[in-house]
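What follows is a set of notes on a single structure, which appears directly below.
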Ligand SMILES: [Zn+2]
């Protein structure tokens, strides 16, 4: 799957539902594993930190199927104009990707349609704890 199609896949998941003051499903994530399987997830922005990022949902689906190595990952949100906007993974998701498998330091993180970086670039000094 091309990066463009992966971005489109993540964007296709976005179906925001407002529950009280919280939004569920306003960010979609798609990832490709080293076995070329695709896993997806959406976020849940809930109170008191009980929600989760779209990346975490996609990674949970991947782990559920017994896979751990992520080749490429992207998260997409739609801005006020309805345009797709790629979001970088938060610090917690960066660390989750890293801890799921050491090889994931080489995971390609799509930051923009034309800008892709390896996770290790987003996690400086990542070797200090093992
Ligand atoms: Zn996150």
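Read-outs: derived from the displayed coordinates by stated rules, not from any lab. Small disclaimer: the values here were computed from a predicted structure and weren't measured. Counting neighbours? That spans all protein chains shown, and the Cβs are built from the backbone with ideal geometry, glycine included.
Across the range 84-130, Cα-Cα pairs more than 17 Å apart make up 28 percent of the total. Residue exposure proxy: 43, 90, ordered by other Cβ atoms within 10 angstrom of their Cβ from fewest to most, comes out as 90, 43. Take the Cβ atoms of residue 50 and residue 112, set R0 to 35 Å, and the FRET efficiency comes out at 0.70.
Protection proxy ranking, highest mean first, for peptides 99-105, 58-64: 58-64, 99-105, where packing is the per-residue count of other beta-carbon atoms within 10 Å, averaged.
With the Kirkwood sum run over all distinct C-alpha pairs, the range 1-67 has a hydrodynamic radius of 12.3 Å.
Using alpha carbons only, how many degrees (0 to 90, rounded to 10) separate the axis of helix 54-64 from the longest principal axis of the chain? Roughly 60 degrees between the two axes.
Could you work out [θ]222 nm for the chain from helices alone, using -39500 (n - 2.57) per DSSP H run of at least four and dividing by all its residues? Round to the nearest 500 deg cm²/dmol.
Working: 4 runs with 35 residues, N = 130.
Result for the chain, helices only: -7500 deg cm²/dmol.
By how many degrees, 0 to 90 and rounded to 10, does the Cα axis of helix 91-100 deviate from the longest principal axis of the chain? With both axes taken from Cα atoms, the answer is about 50 degrees. Against the empirical curve 2.2 N^0.38 Å, the C-alpha radius of gyration of the range 3-129 lands at a ratio of 1.01.
Against the main long axis of the alpha-carbon atoms of the chain, helix 3-12 sits at an angle near 40°.
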